[in-house]
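Please read the structure below before turning to the comments.
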Amino acid sequence: MTARPLAPDPRAATGRGENVVFRGVTKRFGDEVVAVDTMSLEIQAGEFFTLLGPSGSGKSTLLNLVLGALRPDEGEILVGGEPITSVPIHKRNIGMVFQNYALFPHMTVFKNIAFPLGIRRMAKAEIKQRVEEVLDLVQLSGFENRYPSQVSGGQQQRIATARAIAAEPPLILMDEPLGALDVKLRVEMQEQLRLLHRSLGVTVIYVTHDQDEAMTLSDRIAVMRDGRIEQVGTPREVYEQPANSFVASFLGDANLIAARVVRQSDDGVELATRGEPGMVLRVPSDAGSMTAGLDEDVYCMVRPQRIDLTSAHPAGPGDGDGMHNLLPATVEAAYFSGTEIRYLITTDHGDSLHAISAIEEGREEFAAGDGVIARWPVEFSRLLSS
Amino acid sequence: MGQKVFLGILAILILLFIASPVFVVLPLSFSDARGIDFPPESYSLRRFRDFFGATEWLNALWTSAKVSFFAILIATPLGTGMALGLVRGKFFGRKLLNSFVILPLVFPTLIYGLALLFLYRRIGIYDSELGLVLAYIVVGLPFIVLITAARFRSFDESLELTAMSLGANWWQSFFKVTLPLTWSGIAAGAIVAFIIVFDELIIALFITRIQEVTLPVKMFNSLDLDVDPLLAVVASFLIINSLILAGLAALFARVRHE
């Protein structure tokens, strides 16, 4: 598999995708389970949009509603402005890639990819040309006469993608398409998918439970839980400004420090940690979608990468410079992982935190039992509802 | 180790017990004697010559072959459709219907035959090929449904969904994807049903009299007067027929479509 830049598809002018709108979509299974709960959402034309969530969060159900394998109990889904819930699957013109690829085992690679074209009664010569084009696009030229069982997992994945885009649908759905591949291959395929999406300009709705994959691939991410959307935003937004503690911990490691609101002003919110006396933590005023009332119990969230450890000062941490939050703590464990050290620390008031520091010249390193001060810039503190 | 040997010997003994009639009937059919003699003193193909010269036996064989063939020809698409509905369908009462499928298997054939007798006399298809075919469609159906449904159940639904997402309507999806990947299961079901129907006796006794005599009925009737030595030939014929078909069914059941 030689990585070479993808030849842009001559006909794939950008903006070929269509937007997808969910209006109050609900899907129940039986009387008890609400898989998708009055969901409203708009996905832009040409966007790479990811539904991210743990299993059972309703992301696959949502995808199956768009595909047409399921019908919503309430609400409407519009693709390119047209309602589709009463349109049968085969008339929706949506490309689908399943996790198991669902390649037709009795057909060659050529016949698999030609399938949607044959159904559309395209001329033989045209079919041949188009199959060659998409095979070239996924860098599998020359595989025409193989059977799916004769190619590797990564190649099967690309064949399934080629088949899904062959008839040039404006919308492509992918349900954990890289889930069955090993890590190294997955990263490679992520890059390919991103480039493919860019060159085609179609709308992609992508389902995954892998937060790294979601952040690498997506224009925007919807984080789902229990059939509801917890937050929609760019990878940066959901990572750096999570709407709540669920989003914060689902997207990477998050330290959640229980605290109480003690003062509010224009330039920030002041919190006090539990315990007597509580340590003061500052959070910028725009850092959180919630407005916290005085005395309310909240979380102060900070990513482990933002926490810097320094030696404990005999005179105590002091008040700092107003630009940083400081918490005295003790190192419980230190894990070396090549490029960084991951510390598990316990603050003096009893919270367990993670801190990750890159291994650099001149940077202090600590061992279990060392007294330290955890220090991070106020601007990287987030206020989350508890 | 000792346990395994013991179990192996036990299995062989049980198989021998089940197959024992074969070891009696096969030699008998090659006997040279006029009456029944076991074990035969001398062997010949005389009885086979007699069988293929006896018009009434050949007629019975022909009738059985015909009605079984047409019954299964009709029952197979019917049963396949039913199996698809039971496995893929989304309708109220599907689970209940699933358990109804085996009902014809446990329903007493005597009663079914008697009911058919009354019905057929009334509508005028008593002692007719049509009557036999209709009855045998019902007899063969559950076997076809059970076997093909098992095949459909193990069939990956995402293949059908993919075909449809690529623009194939239900029929195209079925004939281009589902059927090419499941035909062996359907064939196995059809063959098993054919074997069952081909040597069905009780219902045929009820709904036929003179016109349409199937091979099993002819065999049964020939026991009436005296034991016709030709019976051994017919029995051998049926055994070999079943063995070949069962072998085919087993072969189809193993077909993997990759």
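Overview of values
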item: Residue among A:GLU74, A:GLU42 that alone is open to solvent by 30 Å² or more (accessible area, probe 1.4 Å), under 25 Å from A:LEU193 (Cβ atoms) and among the charged types (D, E, K, R); result: A:GLU42
item: Residues of the range A:144-154 that turn out to be part of a helix (DSSP H, G or I) and more than 24 Å from the chain's Cα centre (by Cα), as a count; result: 3
item: Top-ranked residue of the range B:179-188 - restricted to ones that are open to solvent by less than 10 Å² (accessible area, probe 1.4 Å) and not β-branched (Val, Ile, Thr), ranked as nearest to the other protein chains (Cβ to nearest Cβ); result: B:LEU181
item: Filter pass, B:ALA249 being in contact (Cβ under 8 Å) with a residue 40 or more places away in the chain, farther than 16 Å from B:VAL22 by Cα, part of a helix (DSSP H, G or I) and open to solvent by 30 Å² or more (accessible area, probe 1.4 Å); result: no
item: Qualifying strands (runs of 3 or more DSSP E) (wholly inside the range A:16-116; at least 1 residues being away from every other protein chain (no Cβ under 14 Å) and out of contact with any Leu (no Cβ under 7 Å at 6 or more places or on another chain)); result: A:20-29, A:33-43, A:48-52, A:74-79
item: Unmet criterion (only one of (1) more than 10 Å from chain B (Cβ to nearest Cβ); (2) at pLDDT below 95) for A:VAL131; result: (2)
item: Single residue of B:THR162, B:THR148 found to be touching a residue at least 60 places away in the same chain (Cβ under 8 Å), outside any loop (DSSP other than H, G, I, E, B) and either within 14 Å of another protein chain (Cβ to nearest Cβ) or open to solvent by less than 70 Å² (accessible area, probe 1.4 Å) (or both); result: B:THR148
item: Odd one out for B:LYS176, checked against (1) more than 14 Å from chain A (Cβ to nearest Cβ); (2) open to solvent by 40 Å² or more (accessible area, probe 1.4 Å); (3) closer than 16 Å to B:LEU84 by Cβ; result: (1)
item: Residues of the range B:85-122 classified as open to solvent by 100 Å² or more (accessible area, probe 1.4 Å) and more than 24 Å from the chain's Cα centre (by Cα), total; result: 7
item: Residue that is farthest from B:LEU110 (Cα to Cα), among those in the range B:199-220 that are of a type outside the set (A, V, I, L, M) and not in a loop (DSSP other than H, G, I, E, B); result: B:LYS218
item: Within the range A:183-265, strands (runs of 3 or more DSSP E) holding 2 or more residues that are touching a strand residue (DSSP E or B) at 6+ places or on another chain (Cβ under 8 Å) and farther than 25 Å from A:GLY293 by Cα; result: A:203-208, A:220-225, A:228-233
item: The one condition in (1) open to solvent by 60 Å² or more (accessible area, probe 1.4 Å); (2) under 31 Å from the mean Cα position of the chain (by Cα); (3) more than 27 Å from A:ASP295 (Cβ to Cβ) that A:ILE345 fails to fulfil; result: (1)
item: Qualifying residue in the range A:236-255 (condition: within 24 Å of A:LEU171 (Cβ to Cβ), among the β-branched types (Val, Ile, Thr), in contact with a Pro (Cβ under 9 Å, 6 or more places away or on another chain) and open to solvent by less than 50 Å² (accessible area, probe 1.4 Å)); result: no
item: Residue selected from the range B:189-229 under the condition open to solvent by less than 40 Å² (accessible area, probe 1.4 Å) and of a type in the set (S, T, N, Q), by the criterion farthest from B:ASP127 (Cα to Cα); result: B:SER222
item: Criterion violated by A:ALA164 - all others in (1) in a loop (DSSP other than H, G, I, E, B); (2) within 11 Å of another protein chain (Cβ to nearest Cβ) satisfied; result: (1)
item: Pairs where the first residue, in the range B:99-110, is hydroxyl-bearing (Ser, Thr, Tyr) and the second is not in a loop (DSSP other than H, G, I, E, B), C-beta under 8 Å, 6+ apart; result: B:THR109/B:ILE202; B:THR109/B:ILE203
item: Residues being more than 17 Å from the chain's Cα centre (by Cα), in a helix (DSSP H, G or I) and within 24 Å of B:ILE195 (Cβ to Cβ) - total across the range B:123-143; result: 3
item: Those residues of the range A:143-161 which are open to solvent by less than 10 Å² (accessible area, probe 1.4 Å) and either more than 14 Å from chain B (Cβ to nearest Cβ) or touching a strand residue (DSSP E or B) at 6+ places or on another chain (Cβ under 9 Å) (or both), in sequence order; result: A:GLY154, A:GLN157, A:ALA160, A:THR161
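Conditions (1) at pLDDT below 95; (2) of a type outside the set (A, V, I, L, M, F, W, C), marked per residue:
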{"residue": "B:ALA168", "(1), (2)": "no, no"}
{"residue": "B:PRO180", "(1), (2)": "yes, yes"}
{"residue": "B:SER184", "(1), (2)": "yes, yes"}
{"residue": "B:ALA187", "(1), (2)": "yes, no"}
{"residue": "B:PHE198", "(1), (2)": "yes, no"}
{"residue": "B:PHE206", "(1), (2)": "yes, no"}
{"residue": "B:ILE210", "(1), (2)": "yes, no"}
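The values are calculated or read from the model by the stated rules, or taken from the named source; none is laboratory data. Remember, it's a predicted structure, so these values are computed and weren't measured experimentally. Glycine gets a Cβ as well: all are built from the backbone with ideal geometry, and neighbour counts include every protein chain shown. Each accessible area value is taken on the protein alone, full model and side chains, heavy atoms only, with ligands, DNA and RNA left out. Shrake-Rupley method; radii C 1.70, N 1.55, O 1.52, S 1.80 Å.
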